[in-house]
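What follows is a set of notes on a single structure, which appears directly below.
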Amino acid sequence: MTDMMKAVRLHEFGGPDVLLYEDAPRPKISADDVLVRVHAASINPPDLYLRDGYHALPPEWQPSPSFPLILGTDVSGKIAAVGEDVSQFEVGDEVYAMVRFPHDLMTGSNAYAEYVRVPASDLALKPVGIDHIQASAAPMSLLTAWQFLVDLGRHAPNPFQTFSHSPVPLAGKTVLVNGAGGGVGHFAVQIAKWQGAKVIAVASGKHEALLNDLRADIFVDYTKVAAETVARDVDLVFDAVGGVAMERFLPSIKPDGALFLVNPLGFSGHDEAARRKITVSTMQVRSNGAQLAEAGRLLDDGSVRVVIDSTYPLAEASAAHHRASEGSIQGKMVLVAD
């Protein structure tokens, strides 16, 4: 094994064209790490934000890292080496992970590469029922839906609110998923159904056939009708979109119901929510190999499936980011490293 590899790096912040496919040093691992030979890595919104320097954030929050950077958090591949303190994995194991997130939020977790260093605690064995492309597309989106809806799995302080996020029982409840065709949304639909909920899926019309296939009970095309005008007495709204006017869903939610916000920035309805006795909650997704192993059983037996929008060779990451920036993604986009 040489000391070099191919990776997609950026030497400055900017648009997709700053992503360069070039030689880079192969990472070294510590006692608690494994070295993964990457077969596939998926694209997530934080990749786009970091590539652009998080320019939408206030200047004092923007990163000032040392270049070059390697983006990406989600990988699937095969273990090439293990640290001396790692006993639960061995060379040759096929694994998947969300790597060091959010710890490397402002510097990148180095997944857009032929090899990546992964803490053993972030790893899980790849479900045998899916391939590396599907497995690489799952971790961040699947863990986001899982930690919101099933098990938060930690006691770390919540960076967005004073109280800890708490999932709510969904059996027999009605759940509206806004942004149901996207990476997080399509997992939220399936996990809510797996838990026994009735699901209202909100997306554009291009996603209707997919969401019906994923067993959504009701589909709402937001380009034709505002979801909040037709949804009533909902127990939970899971908003995977964010942006302006998130509070518009509050009148659709029952008293003692909940509004879960994947991206809470800009929400202004806390007073109205309190009047209506609605819990508004959010959380920051965190790497968790044990949860990936648990959720992976659903991927393995087909209870939950991964939807792939498109794949690109790793060398064409710039073109993939151009496509991602256009929006209207169905499921996940994946970079294939081999």
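The values are calculated or read from the model by the stated rules, or taken from the named source; none is laboratory data. Just so we're clear, the structure is a prediction, and the values are computed from it rather than from any experiment. FYI the Cβ positions are ideal-geometry reconstructions off the backbone, even for glycines, and counts take in every protein chain you see.
The helices (runs of 4 or more DSSP H) found entirely in region 120-222 that carry 2 or more residues being closer than 30 Å to Ala80 by Cβ are 132-137, 139-149, 183-194.
Identification of strands (runs of 3 or more DSSP E) wholly contained in region 15-87 with 2 or more residues that are surrounded by fewer than 14 Cβ atoms within 10 Å (Cβ to Cβ) yields 20-25. Of all residues in region 149-162, those being among the hydrophobic types (A, V, I, L, M, F, W, C) and at pLDDT 95 or above number 3. Residues considered: Arg51, Arg37. Of these, the only one that is under 22 Å from the mean Cα position of the chain (by Cα) and farther than 18 Å from Leu125 by Cα is Arg51.
Kindly establish whether Glu12 is assigned to a strand (DSSP E or B) and in the same structural domain as Ile70 (by TED's automatic domain parsing). In short, no.
Scanning region 243-269 for residues that are closer than 17 Å to Pro159 by Cα and in contact with a strand residue (DSSP E or B) (Cβ under 9 Å, 6 or more places away or on another chain) yields a count of 6.
Every residue, every condition in (1) modelled with pLDDT of 95 or more; (2) in contact with a strand residue (DSSP E or B) (Cβ under 8 Å, 6 or more places away or on another chain); (3) of a type in the set (Ser, Thr, Tyr), yes or no:
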position: Arg9; (1), (2), (3): yes, yes, no
position: Glu12; (1), (2), (3): yes, no, no
position: Val18; (1), (2), (3): yes, yes, no
position: Tyr21; (1), (2), (3): yes, yes, yes
position: Ser42; (1), (2), (3): yes, yes, yes
position: Pro63; (1), (2), (3): no, no, no
position: Ser76; (1), (2), (3): yes, yes, yes
position: Asp85; (1), (2), (3): yes, no, no
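Pairing each residue of region 187-207 that is touching a residue at least 40 places away in the same chain (Cβ under 8 Å) with any residue that is among the β-branched types (Val, Ile, Thr) and outside any strand (DSSP E or B), provided the two are 6+ apart or on different chains, yields C-beta distances under 7 Å for Phe187/Val304; Gln190/Val304; Ile191/Val150; Ile191/Val304; Trp194/Val304; Ser204/Thr223. Is it the case that region 92-114 has a residue that's of a type in the set (D, E, K, R), at pLDDT below 95 and farther than 22 Å from Pro25 by Cα? No; the residues of region 92-114 include none that is of a type in the set (D, E, K, R), at pLDDT below 95 and farther than 22 Å from Pro25 by Cα. Considered as a group, the residues in region 305-330 that are at pLDDT below 95 and exposed (fewer than 14 other Cβ atoms within 10 Å of the Cβ) include one that is farthest from Tyr112 (Cα to Cα), and that residue is Ser328.
If you check Gly153, Gly92, Gly108 for being surrounded by 24 or more Cβ atoms within 10 Å (Cβ to Cβ) and at positive phi, only one passes: Gly108.
Taken together, Leu236, Leu265, Leu259, Leu292 contain a single residue that is in a helix (DSSP H, G or I) and either touching a Lys or Arg at 6+ places or on another chain (Cβ under 7 Å) or aliphatic (A, V, I, L, M) (or both), which is Leu292. Among what's in region 209-244 and is charged (D, E, K, R) and surrounded by fewer than 17 Cβ atoms within 10 Å (Cβ to Cβ), pick the residue that is farthest from Leu259 (Cα to Cα). Going through the qualifying residues, I end up with Asp213. Within region 268-304, the residues that satisfy the criterion of being of a type in the set (S, T, N, Q) and surrounded by fewer than 17 Cβ atoms within 10 Å (Cβ to Cβ) are Ser268, Gln284, Ser303.
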